[in-house]
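Below: one structure, written as structure tokens.
Derivation of every value follows stated rules applied to the coordinates shown; laboratory data play no part. Computed from a predicted model, the values in this text were never measured in an experiment.
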Amino acid sequence: MIGMAGLLTGLYCCTALAKPEPEPTDLIDQQHCMFCHTIDAPFLAPSFRQIADRYRDQPNASVMLENKLRKGGRAHWGDTQMPLPAERGGPISRRDAHKLVQWVLSQ
Ligand code: HEC
């Protein structure tokens, strides 16, 4: 039987093997982005495609979104703010935030 211990060992294995340069998809798992977002269907949060459509052509959007991912900020889609990194899966570095935002905007 694969109990909690097996599950944790499994997680440990893959975390230990993680590349030093994380892929956006790893970051997305770590930060549970898909808990609230989907690529194309608005659910608890705007879909990543909606977000990309809204910001793709705005030159400063990427910096704004990176700051928002790291430090939070005013809601732009309704009244619900996105939880801060500490509540999602841990702090995000500037570089990781940049990667995540580039990924979102490419959807
Ligand atoms: C607990 C739910 C939840 C999680 C987890 C979550 N989000 Fe969000 N996200 C939201 C909500 C709600 C909004 C809409 C907030 C608003 O109106 O600005 C949002 C908005 C956004 C926006 C648009 C912000 C803006 O100012 O327009 C981006 C980009 C985004 N999320 C990316 C991410 C990424 C990347 C992750 C994972 C690192 C993530 N989200 C994890 C709920 C979540």
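Brief remarks on what is shown
- Between the amide H of GLN81 and any residue lying 5 or more places away or on another chain, no distance stays under 5 Å, with hydrogens modeled in the peptide plane.
- For the stretch 49-107: rounded, prolate or oblate by the Cα gyration tensor [a/c cutoff 1.5]: oblate
- Couplings 3J(HN,Hα) for the stretch 73-79, derived from phi with the Karplus relation 6.51 cos²θ - 1.76 cosθ + 1.60 (θ = phi - 60°), are x, 4, 5, 10, 10, x, 9 Hz, where x marks Gly and Pro.
- For the stretch 21-105, relative contact order (Cα pairs under 8 Å, six or more residues apart, normalised by length) works out to 34 percent.
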